[in-house]
Each structure stands twice: as structure tokens, then as C-alpha cells.
Amino acid sequence: MQGSKTFRVALLPTLLALFALIMAACGSSGGPSTSGQMASPDKQVLRYPMAAIDDFGAVDPPLIQSASDAYAVQTIFTGLVQFKNDGTVVDQLAASHTVSSDGLTYSFTLKPGLKFSDGSPLTANDVAYSINRAIIPATKSPVAGYLSLLKDYSKVNKGQLASAIGDSLIVKDDTHLDIIISKPAAYFIQTLTYPTSYVVNKKLVDKYGAEWTNHMDEGAGAGPFKVSSYQHNKGMDLVPNPNYYGTKPKLQKLQFIFSGDADTTYKAYLSNQYDYAGVPAANLDEAKTRKDFHTTPALVIRYLSMNYLSKPFDDINVRKAFSLAIDKDLLVQSVLKGAVTPTNHYVPEGMLGYNKDLKGPDGTQSTKANVDMAKQALAASSYGSAAKLPPITFTYYTGSTTIKNIVTAIQQEWQDVLGVQVKTTAVEFNKLISLENSTTGNSGPLQLWILGWQADYVDPQDWLSVFFSKGADYNQFNYGQNNGANAAQQQAVQDQLAKADTTQDPAQRVQLYNDAEQKIANDCGWIPLYQSKALTLINPKLHGFADNPLGIQAPDAWGDVYFTT
């Protein structure tokens, strides 16, 4: 996630208009339709379950990596800009911004009278502090790369330059701030919507250090809600922020509750314990008959990662064999009950840059298994047969019966088609994220694992460069930085992605991404499995709750969320 001015003006309106058309075609960009008067204040309590996690992985904005963490954090903190529910980018803490003619300087004017939730003033110095804090090495942000376009980012991030303040972050006065980037980029303003650049209250960080997020009730952010309590084993309670600069929430309490696995959460919703729940695949037929059922196309792809520095996945023929042995059509129908769409894509359908002509590693668009080619690829590998492969461990996360069933089905297909016995191991979701981070540049701890990605913003850069670029934060599988026979070709693709990120012609830019995606697919950079749909149950009395492809609730949109009688 992350323009000469001409480029930004030329591309972004087209991009956002496309997204608006996508949203309109979905027919389900909002929450449930409700009628009736607003319920009394004591009824304005939204119970939102956080399924499949025992605690947030992080609530400090520059440490956010998961969608569940981001969803909670976006209610407490905000940044200079943010998405609306329709996917357009708007000024948030900023009242306005301009871009220099060379596309390198973004000048922001803040809204007047901004305050943190404790009533203390929020100024341009706080914005600069928060962005700088995200990229300095002491913070150890795993997603600092979202700000890698900042001038001298690498020097600051490596500790070679003490601070970006006064260098790429220029505070002019309390309400004016310039951000200078190193090269024009079409997507820079969108990178600022990610939590990495959200504004935090410096006095809490100074007072409590690494433990400051345990004291968020003392005025952590400037979002529509503020923390009233946080119990790590139970959840977080929020109340409206009386100092919020926008339309204040009508909800009197927002509860993020750690609710157990997806099946438990679904059943608890049915017994009226929550106001929202995802629908497990096994319950889809039942859920479809309910009036509170909602479905929305999601900009989400589920995929398998293979560590290029871990044998046997340093061999492209092994990667190809494992990929082609999976029958994605059968997986979707038998395990997922048709609730998702099988795919070979890295950029999902509905995104700018989606390539309808993309082919899988067998040179076809089929999402069925190619059994013969899978066997041939394994035989052509440096290992020659299943018997000569080293031990393989497939790691997945707990809390979802669906994920476990997917892993079991794929494990069986590898056994049946290739004769390969793969060991599986399950860890808690946040643990898997930690292990993934530790795999960057190493042969372990992860070898083969399953995760998914949801769009941060509507641009192919967020699907390709974010994962496959040299030094990208999410290139934990070591694409391009390995000793495999294809490393040089991968590095050429990385150069191509860098060019696409800054190309000014929109059509040429998309073409560069399309070509890079095809080369990544040929090399089995991931094993894409399917594109998701959001399948949810939402309390029919809940008015104005967003249910959109980006999976967000914009800060100002919370002012229109309430329960009816």
C-alpha cells in the first residue's frame, strides 16, 4: 500500500471511478436495510466478535499486520487521509492537500482545532512524530515499508539518519506539514490510509514506553471512539470520543470481543450474543435462507506460500508439482460449498490491473488439477521422486474449521497425486504472523504455509510489489533473494515491478503489472487458491453498518451507525 501531479490526476479518478462501479455492481455496499426509530441510548451497544484470535496481534498502529487488528485500530486512530466506505480517498485529519508539479512534495493543511481523545491538542508535530516513529528502527515496525517512498526512508529505517523530521517531514507550523517522497508514485496518497501513518499521542509513548497501549484509555488517538477498557483475554470496549472532529458516533459502546473459533462465533450470533458474524462454509445453505444474511464480493485471495530458501521449494519444478496437484475446483465445491471462486490470480477480480487472460503454471486458465504435468514436474525436479524429497511441514492457523479442512484436503491431494506425505502443524494466528516475519531471509522457521491477503487500497501495487519486490515487508517467502536457479529471472521481475510503481502512463503501468504477474505465476510465486466473498449475518436492527469489498467502516461513517427499535 502505499505522482508527478499529472500522473496522480490522470490515474486516480479513473481508478476510483472503477471502484465505484464495482461497488455499485455488487449491490451490497451497505449494511442491512432497517426501518423504525432510533433505539434508546441503552440499546446502542454493538457487540462485534473477533473470531479466531485470543488477543489482538497489535494495537499500536505501526505494528498492524492483520485485518482484524486494523479494523479495531481504525476506530481509535486516524491519519491525514482515509478511505470512505465507497473506496474513495478523502482528507481526514487534513482539511486539504496539494501535490507539487514534480510529484515529490505533498503539502497538507490540518483541520483546525484537532484534539486527541483526552482533549490535548493534535498538531502537525504529532503527525510528523507518528510517521517518523513508524520508520525508525527502534519501533521495529514490520510494515514500515508502506512508507518506503519517503525521501531518505532507507537511511532512517537503518539508523543511518536519526530522523525524517526536517528531512522528508517538514513541519511549517501547527497546521501545515510537507511530506517529501523520493520519486513520483501513483499510489503514494493511498499508502497514507494504512495504520502505519496514523497519529498517536506522544505523551503516552513517552510516559509508558513499550507498554503504552495498555493505557489507551488515557487519550491514545483521535478517532471516532476511545478505549474505555482493554482486557487481553476478553476484548476491548470503546465509547464515543467526545473530542472527535467529525460526526460523533450514535453508538454508546462498541465491544470487540474475542469470540472463539468461527463456528463457535456463528452459533453465538444465532443465540443473540453478537450483532455480527461470518458464515462458515458448512453453514452457508442454512444462512442463505435468513433475512439477515449478506454477501459481498471481497478483494481477498487465499494462497499458499513456499519458502524459496527452504528445500525442496528452492526448485521451481517442486513448486509447480505442488501447485498443479491441487484441484481448486474440487476444493471450492467439496470443502467451501461454492462460497468462493477458485483462482490462479495474484491480483483479484474487481481490482484495477486484473488480468482476465492470466494463465496458471501449466499455461492454461484451468483451476482444476493437472495431474500428469504435476507428476512430470516432480520427476523433472532435482529430487526426481517423492521418496527423495526432504521432510515438509505445512503450517496453518487455528480458530477456523474451514482452514483446517482446506489444509487436510490439500494434504490428501499431494499424497494421492504425488505420493508426498506432508506433515501439518497448527499455531494460533498471531503466532503464524510472527513466524512468517522471522522467515524473511531465512530457511525457516516456516517452510510452507497458508494465509490470505485483503486489499489495503485499489491498486495492483498492493498485490504485486508489496509481496514480490526486493526488500518488501511481505516478501517473507524470499522471492528473488534466494539461491535458486530462477533467482536472476525473479530479480528481473522485481526491477519490472519497481518500474511499474513509478510509470506515469496508466495503460503502460497496468501492462507492466500484468506481465510481471504472469511471470510470477509461471514461477509459482504463490499457490493462489480462491478469491473470497464476504458472507455475513448482521443484526437487522443495525442501521448503516458497512458491508463492502474493502471490509472497512470509514471513521466518519460511524456517525450513521445505530440500532433501531
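Where a number appears in this text, it was derived from the coordinates with a stated rule and is not lab data. Quick caveat, the model's predicted, so the values are computed rather than measured. Heads up, the Cβs are rebuilt from the backbone with ideal geometry, glycines too, and the neighbour counts pull from every protein chain shown.
Numbers below:
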| quantity | calculated |
| --- | --- |
| Mean Cβ neighbour count within 10 Å, used as a protection proxy, ranking 44-53, 268-277, 227-236 highest first | 44-53, 268-277, 227-236 |
| Rounded D (µm²/s) - the stretch 352-434, Kirkwood Rh over Cα pairs, Stokes-Einstein at 4 °C, 1.567 mPa s | 86 µm²/s |
| Radius ratio Rg over Rh of the stretch 297-533, counting only Cα atoms, Kirkwood formula for Rh | 0.93 |
| Rg over Rh [alpha-carbon atoms, Kirkwood Rh] for the chain | 0.96 |
| Value of [θ]222 nm, deg cm²/dmol, for the chain, DSSP H segments ≥ 4, -39500 (n - 2.57) each, nearest 500 | -8500 deg cm²/dmol |
| Ranked by how many other beta carbons lie within 10 Å on average, peptides 396-405, 482-491 from highest | 396-405, 482-491 |
| Ranked Thr193, Thr105, criterion: other C-beta atoms within 10 Å, fewest first | Thr105, Thr193 |
| Relative packing of peptides 413-420, 303-310, 336-343 - highest average C-beta neighbours within 10 Å first | 303-310, 336-343, 413-420 |
| Rounded, prolate or oblate (a/c below 1.5 giving rounded, otherwise prolate when a/b exceeds b/c) for the stretch 46-161 by Cα gyration tensor | oblate |
